[in-house]
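The values are calculated or read from the model by the stated rules, or taken from the named source; none is laboratory data. The structure displayed is predicted, hence computed values, not measured ones. Glycine also receives a Cβ, built like all others from the backbone with ideal geometry; neighbour counts cover every protein chain displayed. Side chains included, ligands, DNA and RNA excluded: accessible areas come from the protein's heavy atoms. Shrake-Rupley method; radii C 1.70, N 1.55, O 1.52, S 1.80 Å.
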Amino acid sequence: MRNLPIKLAVLFVLLFPCLVRATPADTLSAPRLTIQAVRLAEPVAIDGLLAEPVWQNGYGISRFTQRDPIEGAQPTEQTVVHVAYDDEAIYIGARMHDTAPDSIIARLGRRDADLTADAFFLAIDSYHDRRNAFFFGVNAAGTLYDGILFNDDWDDDSWDGVWEGKVRIDNVGWSAELRIPYSQLRFRKQDVYVWGINFQRNIARKNEEIAVAFTPKNGSGFVSRFPDLVGIENISPPRRIELLPYGTTRAEYTHPAPGNPFNRGSKYVPGMGADLKVGVGSNLTLNATVNPDFGQVEVDPAVVNLSDVETFFEEKRPFFIEGSSIFGFGHGGANDFWGFNWGDPGFFYSRRLGRAPQGSRPSADFADVPVGTHILGAAKLTGKVGQNWNLGTLYATTARETGEFARSGQQFQAEVEPLTHYGVIRTQKEFNQARQGLGLLSTLTARQFRDNRLRNDLNSGAVAVGVDGWTFLDVEKTWVVTGWAGTTDVHGTPARMIALQQNSQHYFQRPDASHVSVDSTATSLTGYAARFTLNKQKGNTFLNAAVGVIDPKFDTNDAGFHSRSDVINGHVAGGYKWVNPGRFTRYAQVAGAVFRSYDFDKNPTGSGVFHFGFVRWLNYYTTEWFFAYNPETIDNRQTRGGPLMLNLPGWEAEIFTRTDDRKTWVFGLGTSGQRYPGASWNWDVNPRIEWKPAPNVSFSVRPRFERNYEHAQWVGVYDDPLATATFGKRYVFATLSQTSLSARLRLDWTFTPKVSLQFYAQPLLSAGDYREFKELARPRSFAFTRYGDGVSTYSEATREADPDGPGPAKPIKLSNPDFNFKSLRGNAVFRWEYLPGSTLYLVWTQNRSDTENDGAFRLNRSLNRLLNAKAENVFMVKFAYWWNV
């Protein structure tokens, strides 16, 4: 069992050349459309007017087809696109005819904003690998869009290129002109070029999407369908050197405790740094950053986490999100991946870089510790090498961080984070027109300790290595098998390895586990994981099945993210899609699944049946839902390293509906709930409102109210040799009644395509009342002994529980876990792109919070306390200037 994933991975690699040779080429595909590019004879002014003669030649493409609302139908409006080029750039001129130009929807937003508006897009597969492409777009108000396409079907808009696009609305429709420098594309030097290209137009008031090539609703593959762009010759990939120096000024205003020697309530921090982007040959790009600043990013939401699982936060820093798809692992080939009770371990989680210092802190009255570890420098090298080898590497160094502490009037310093080096390398090779792929991902973490105290807090180093790939099983690319397998090795002091074995990812100290135990002499931990998926991705019926394992010793958390080890998991799912408009719907799909999970001790830790559906109605409202039933299983986590418990059977459900997003007012309403009789229940309601009072202004609010009841919420564990039924420890729980109210508010005000103001706020009120304290009665049960019943006693005044009253067991002193947490986080960002690629940011961030040991939820009191809480304010100015050397 333990070597099975490694054997499967080795077998997959050994058989891979056979699979490549055995799969026939697609000789049945229809002749591919070609689009002609014309060399410019005179300059083109990018103004949206289409006044130059080149836009009047006979090489325009007008062969568009509807994808929506009626797939395969002729467009209701004519579109003509011309392509031109010179030695420096490719040019696009597009005329979008419209019989009702006064009805064109032109909404202005910040770059890449998700707007319902008339728009024009193009995509260029400059490598001509029929799998990856750059896309560019502009809507009728001038909002720009760009990003990359990858894995033939997926898109990522995190990349921001430096290019031009202008539009004009007139009495026959609207027009767009785009100039895309070759420095923003990637291609190999040739005498004559053939690229893939595609065009798409959205007519918002009709919800009409037309394109030269598109993916059918019951199909897959997008980039592989692009027409060929011909006619480009005698150009060369340019020398690509882009430098972006910047300066910042940061002012922080806080409210420190009286007597704090490190904080007088204000701090002013100037800074400077630079980003560098250099072309390495024609196919590779080096991105480097020195002293990076991430001050303008959106704040993370406040959360109340009562579980033993780390909260996952999305990456929001531009350096790390741009081009991050190249470091994706295990998800090639197929266009969909499902998981039920499966937490896919991430080999690389960029939020590890620059996180809060993780070292322990000495006891002190006051402390001044950095909120984040400083990133001294980082570099990425991405692109293609050889014949269709994708390459991505990343290296970063974070600083040795020192905190300042004061105790009894004496000040001292202590290291709270060692100097740390992070490395990531990703390679992937595609074969046989991308019918097969094989890749490798490896991460390295190395720490250099100066204070030996931290050696017991953090791993000294870690290595993770994984191999992944896919192969299509048929000529039509309907069936695909994907898989990955990997291993991790972490090392450190014996004390650190004991802590690692006992943390929430592993729980080796479980007293009734026969397959794991704590090794107090270990100085390393080595484990493996693997997952294989079968996907049917064409046709009205679809199917997805997967099986995966995560060894108990597997751990990627030094450079990656994963929450659970000791998992064997599988599922089979399938469904049906109605892709053509019918009597009531424009599109609908339903699906169902069965799933099961075990640990390596063969305990069934999860099981169930699942159903979900989605409908787009004729009026363009949408409704989606799911329902799941979970039978009784075993819980090996709830006692947090203690004996097994039962998961009682129950159900979960959710439904959400949304109105037509073309309207000025857009409404949504969702509710979800779950009920596990005798164990827990939960319900929430989350309405959504979006108001668009003007074409350049949008305001949205997403409140959420939630009620949660847990019969057995974790409190703590207490040693008692008399508790023989539970292996010499008492595992204490309580009944939790929790009420939460939160919201997300956003205001977007865009003055021009290059000037915008955004405001974002996240209020949260959450109260939890703990009562009926109890202890687990026996393993493999959901039975408890409540303190105060029988011979046991419990004093509400002193919070002291005596498990056997007058008996010999020691009383247990319980703390008050009741909480009442209030938080308001928000920021405002003014952004001005005063020159292409050059920006000025003005940022204001505010955070205020309040806590009480009171579990009662009282809305007026909570709001008053939150509004009266002292606010921490941060103001920042950032000025960046882009040079194209």
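I need the full set of residues from the stretch 786-804 which are part of a loop (DSSP other than H, G, I, E, B), crowded, with 17+ Cβ neighbours inside 10 Å and either of a type in the set (Val, Ile, Thr) or without any contact (Cβ under 8 Å) to a residue 60 or more places away in the chain (or both), in order please.
Selection gives Tyr787, Ser792.
Evaluate the following for Pro270: is it more than 30 Å from Arg704 (Cα to Cα), in contact with a Lys or Arg (Cβ under 8 Å, 6 or more places away or on another chain) and not hydrophobic (A, V, I, L, M, F, W, C)?
Yes, satisfied.
Across the stretch 608-619, what is the total count of residues that are open to solvent by 40 Å² or more (accessible area, probe 1.4 Å) and in contact (Cβ under 8 Å) with a residue 40 or more places away in the chain?
Going through the stretch 608-619 one residue at a time, the tally reaches 2.
Are any residues in the stretch 569-586 in a strand (DSSP E or B), of a type outside the set (Phe, Trp, Tyr) and under 30 Å from the mean Cα position of the chain (by Cα), and if so, which ones?
Asn569, Gly570, His571, Val572, Ala573, Gly574, Gly575, Lys577, Arg586
Of the conditions (1) exposed (fewer than 15 other Cβ atoms within 10 Å of the Cβ); (2) within 31 Å of the chain's Cα centre (by Cα); (3) among the hydrophobic types (A, V, I, L, M, F, W, C), Ala783 satisfies every one except a single condition; which number is it?
Checking Ala783 against (1) exposed (fewer than 15 other Cβ atoms within 10 Å of the Cβ); (2) within 31 Å of the chain's Cα centre (by Cα); (3) among the hydrophobic types (A, V, I, L, M, F, W, C), the one that fails is (2).
Scan the stretch 595-618 and tell me whether some residue there is of a type in the set (Lys, Arg), part of a strand (DSSP E or B) and under 25 Å from the mean Cα position of the chain (by Cα).
no
Those residues that are open to solvent by 50 Å² or more (accessible area, probe 1.4 Å) and closer than 17 Å to Leu859 by Cα, I need them from the stretch 686-706; list them, please.
Arg704, Phe705, Glu706 - these are the residues of the stretch 686-706 that are open to solvent by 50 Å² or more (accessible area, probe 1.4 Å) and closer than 17 Å to Leu859 by Cα.
Scan the stretch 756-778 and tell me whether some residue there is part of a loop (DSSP other than H, G, I, E, B) and more than 30 Å from Arg688 (Cα to Cα).
Yes.
Is it the case that Gln387 is out of contact with any Leu (no Cβ under 7 Å at 6 or more places or on another chain), under 23 Å from Ser325 (Cβ atoms) and either assigned to a strand (DSSP E or B) or of a type outside the set (Val, Ile, Thr) (or both)?
yes
Exposed (fewer than 14 other Cβ atoms within 10 Å of the Cβ) and over 30 Å from Arg637 (Cα atoms): does that describe Gly265?
yes
May I ask you to verify whether Leu842 is open to solvent by 40 Å² or more (accessible area, probe 1.4 Å), closer than 30 Å to Gln738 by Cα, outside any loop (DSSP other than H, G, I, E, B) and out of contact with any Asp or Glu (no Cβ under 9 Å at 6 or more places or on another chain)?
no
Is it the case that Asp191 is more than 33 Å from the chain's Cα centre (by Cα) and open to solvent by 30 Å² or more (accessible area, probe 1.4 Å)?
Against the criterion (more than 33 Å from the chain's Cα centre (by Cα) and open to solvent by 30 Å² or more (accessible area, probe 1.4 Å)), Asp191 qualifies.
If you take the residues of the stretch 472-493 that are part of a strand (DSSP E or B) and open to solvent by 10 Å² or more (accessible area, probe 1.4 Å), which of them is farthest from Phe222 (Cα to Cα)?
Applying the filter and picking the extreme gives His491.
How many residues does the stretch 514-527 hold that are touching a residue at least 60 places away in the same chain (Cβ under 8 Å) and open to solvent by less than 20 Å² (accessible area, probe 1.4 Å)?
Residues meeting the conditions: 1.
Mind listing just one residue for me: the one in the stretch 662-682 that is of a type in the set (Lys, Arg) and not in a strand (DSSP E or B) and, of those, most open to solvent (accessible area, probe 1.4 Å)?
Filtering first and then ranking leaves Lys663.
Can you confirm whether Asp308 is more than 30 Å from Pro261 (Cβ to Cβ) and open to solvent by 40 Å² or more (accessible area, probe 1.4 Å)?
no
Which of the following residues is open to solvent by 20 Å² or more (accessible area, probe 1.4 Å), under 30 Å from Gly716 (Cβ atoms) and of a type in the set (Val, Ile, Thr): Thr633, Thr605, Thr659, Thr639?
Among Thr633, Thr605, Thr659, Thr639, only Thr605 is open to solvent by 20 Å² or more (accessible area, probe 1.4 Å), under 30 Å from Gly716 (Cβ atoms) and of a type in the set (Val, Ile, Thr).
Would you check if Phe627 is open to solvent by 60 Å² or more (accessible area, probe 1.4 Å) and either under 21 Å from Asn708 (Cα atoms) or part of a strand (DSSP E or B) (or both)?
The answer is yes for Phe627.
Quick check on this structure: which one of Gly161, Gly165 is open to solvent by less than 20 Å² (accessible area, probe 1.4 Å), under 22 Å from Asp114 (Cβ atoms) and not in a strand (DSSP E or B)?
The match here is Gly161.
Quick check on my filter: what residues within the stretch 808-839 are in a strand (DSSP E or B), more than 16 Å from Val162 (Cα to Cα) and not basic (Lys, Arg)?
Residues satisfying the conditions are Ile812, Phe819, Asn820, Phe821, Ser823, Leu824, Gly826, Asn827, Ala828, Val829, Phe830.
For residues in the stretch 394-447 being part of a loop (DSSP other than H, G, I, E, B) and of a type in the set (Gly, Ala, Ser), which is nearest to Thr285 (Cα to Cα)?
Ala434
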